[in-house]
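Input: a single structure, listed below in structure tokens.
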Amino acid sequence: MKRITRNFAGALGIYLMVFFPGFAASQAQETSFHNAPASAKEMKNPYAGQQGASSKATYHLRCARCHGENGEGSGNIPALATGKAQSATDGELFWYITKGDVNNGMPSWQTLPRAQRWQIINYVRVLGGSKPGSPRVATTPDEAVAVAVNAPPPKAPFTDYRFEKPGVVRKITLNDLPAPFATNSAGNSPKLVPRPQKAWPQVPSGFKVELYATGLKEPRLIRTAPNGDFFVAESKSGEILVFHGITADGKPERTETFATGLNRPFGINFYPPGPNPQWVYVGNTGSVVRFPYQNGDLKARGPAEHIADVPAGDGHWTRDIQFSLDGKKMFVSVGSASNVDDSDTTPAEKNRADVLEFNPDGSEMRIYAYGIRNCVGLAVNSKTGELWCSVNERDALGDNLVPDYITHVQDGGFYGWPWWYMGGHQDPRHKGKHPELKDKVITPDVILHPHNASLELTFYDGKQFPAEYQGDIFAAEHGSWNRSVRVGYELIRVPLHQTGHASGEYEDFMTGFVVDNGHVWGRPVGVTVAPDGSLLVTDDGSKSIWRISYTGK
Ligand code: HEC
């Protein structure tokens, strides 16, 4: 572009017409972000997902003195990490910062090179985290492929899909955690592709994997009923399915729809605990309901009875359910509404990022544990009675922060979110808040790889696997989006060493779902133990249920 020598307003008008051809025509049109023209809205960020370290530095040099180091804003200078800026498109932001609003104190940045303006926008996205509905720093699957080809091997103990392999034992400790923003934050959601012809899930030697069922809609949580039937949540279509039996060639003997018309069901459990349940409890996204049940029922024998409302709305929608061994208490996990909004000042976060406790009739709700960002899977250890949880931690702090985790959950325990995270680290987006909570943040039993997306977990109490597996945890890792080279997409084993306690180690157990850094064909969600001691694993990527058996060969 030629140097601008004429008066500012005239030059700006020409500039805008050159780069936003629709500007003159659409100027008068009402649009969402500072009346940006439609052509600006549509403009694509040519640097999406390619922010170098310089984007952060440029933001700090040019914008932070007014909008704050973390885009928090101050006085009448608007926040950029939240609010309107996060719902604008990259093109609208580019248009706005180019033009500025000099009369209102926002400088024009048109003399800043275009590349720098786009990269600042990338950093504004990083500051925004993954707030629901906000656009993210996008990497297209094709761009992502190249990222992994060029990426150096990860530094242990961190890893990525290229190095996941059945039998590899991992251990991440608090000392391994990098500083926030040590790397940029990726928007690397996978593209789902059909299973390539030669691809099949990989397990340690001595085990084999068969396809138990396929052609499902969106199989999520799977739980074994006391009589050995498998209950599966088809969350998107609002159904609960029942799979009965395993034939000689490893397929279900019968498949039935137990209940329909539910609202994103996920958690399923049987009450009272023991061999003769009377009810099937289901966790909708906004409520807990129960159906009358007798062993062997393949269809609900009565309508759903409402038990309790649970908070719902934006954000994490899964609700899992467990009962204490004595049947006196019901636990329901409710994830946060946002990535990392301040729950003090955000009404939508009330009673979220918690494990809630109720009586089984839905009365006497209280917060059992808090600051657990998104406990997707709940399980009770039948030997110790402890409640355990599989948790998704927060995004937008870099490739190797914050670790997901698996832990036993303490009554009254605080797990850090949103102001802190494990190790007494303050979230940089909440500097200075709640100093009194720093030392209360519980270190989880098992620190998982950051961005793994750890979902359902179960204790292995079957008789088929070798004795050393008795009492171990298996957990399904759905796989990352907020990481430049993808990680997760596997089933992991957490050894409890026949002690009931974790040592912090975990092991890759079933892998092989990733094609390349842009494309995957499978995503583990649920895991349960079958009556014969094999494991069933739901996969909402290939819409299947896999069965892992031990053959000893
Ligand atoms: C000298 C202080 C100052 C600096 C430096 C500054 N801004 Fe602003 N910015 C403002 C003010 C004041 C406003 C509000 C203008 C108004 O009221 O319309 C604003 C508004 C904005 C908005 C609109 C937000 C909204 O919610 O409507 C964006 C986006 C923005 N600035 C981005 C940036 C970026 C990116 C940089 C760095 C390249 C930057 N600003 C540098 C003062 C500043």
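The values are calculated or read from the model by the stated rules, or taken from the named source; none is laboratory data. Every value quoted in this text rests on a predicted model; they were computed, and no experiment measured them. Using ideal geometry, Cβ is built from the backbone for each residue, glycine included, and neighbour counts are taken over all protein chains shown. All accessible areas refer to the heavy atoms of the entire protein, side chains included, with ligands and DNA or RNA removed. Shrake-Rupley method; radii C 1.70, N 1.55, O 1.52, S 1.80 Å.
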- Note on the structure: Looking across the stretch 71-83 at residues that are at pLDDT 85 or above and either open to solvent by 50 Å² or more (accessible area, probe 1.4 Å) or under 17 Å from residue 184 (Cβ atoms) (or both), the single one that is nearest to the ligand (Cβ to nearest atom) is 78
- Item | Scan of the stretch 331-370 for residues that are touching a residue at least 40 places away in the same chain (Cβ under 8 Å), farther than 30 Å from residue 279 by Cβ and in contact with a Gly (Cβ under 7 Å, 6 or more places away or on another chain), ordered by number | 338, 339, 340
- Could you grab me the full set of residues in the stretch 486-533 that are open to solvent by 10 Å² or more (accessible area, probe 1.4 Å), in a loop (DSSP other than H, G, I, E, B) and on the phi < 0 side of the Ramachandran plot? 495, 499, 501, 502, 503, 523, 531, 532
- Single condition residue 553 does not satisfy, out of (1) at pLDDT 95 or above; (2) open to solvent by 10 Å² or more (accessible area, probe 1.4 Å): (1)
- Could you tell me whether any residue of the stretch 430-448 is open to solvent by 10 Å² or more (accessible area, probe 1.4 Å) and touching an Asp or Glu at 6+ places or on another chain (Cβ under 6 Å)? no
- Residue pairs qualifying under the 9 Å Cβ cut-off, at least six apart or on distinct chains, with the first in the stretch 80-109 being in the same structural domain as residue 37 (by TED's automatic domain parsing) and the second being among the acidic types (Asp, Glu) and open to solvent by less than 50 Å² (accessible area, probe 1.4 Å), are 82/341; 107/101; 108/101
- In the set 378, 356, 397, which member is out of contact with any strand residue (DSSP E or B) (no Cβ under 8 Å at 6 or more places or on another chain) and open to solvent by less than 10 Å² (accessible area, probe 1.4 Å)? 397
- Task: Kindly list the number of the only condition in (1) open to solvent by less than 70 Å² (accessible area, probe 1.4 Å); (2) modelled with pLDDT under 85; (3) in a loop (DSSP other than H, G, I, E, B) that fails for residue 86.
- Result: (3)
- Test residue 214 against the criterion of being under 26 Å from the mean Cα position of the chain (by Cα) and open to solvent by 30 Å² or more (accessible area, probe 1.4 Å), and give yes or no. yes
- Return a yes/no flag: does the stretch 116-135 have any residue that is crowded, with 17+ Cβ neighbours inside 10 Å, among the hydroxyl-bearing types (Ser, Thr, Tyr), more than 9 Å from the ligand (Cβ to nearest atom) and modelled with pLDDT under 85. yes
- Note on the structure: In the stretch 271-298, anything touching a Lys or Arg at 6+ places or on another chain (Cβ under 8 Å), in a strand (DSSP E or B) and of a type in the set (A, V, I, L, M, F, W, C) is listed as 279, 280, 282, 288, 291
- Is one or more of the residues making up the stretch 475-484 touching a helix residue (DSSP H, G or I) at 6+ places or on another chain (Cβ under 8 Å), surrounded by fewer than 24 Cβ atoms within 10 Å (Cβ to Cβ) and modelled with pLDDT under 95? yes
- Among the residues of the stretch 43-62, write down those that are in contact (Cβ under 8 Å) with a residue 60 or more places away in the chain and either within 10 Å of the ligand (Cβ to nearest atom) or surrounded by 15 or more Cβ atoms within 10 Å (Cβ to Cβ) (or both). 45, 47, 48, 49, 50, 51, 55, 56, 58, 59
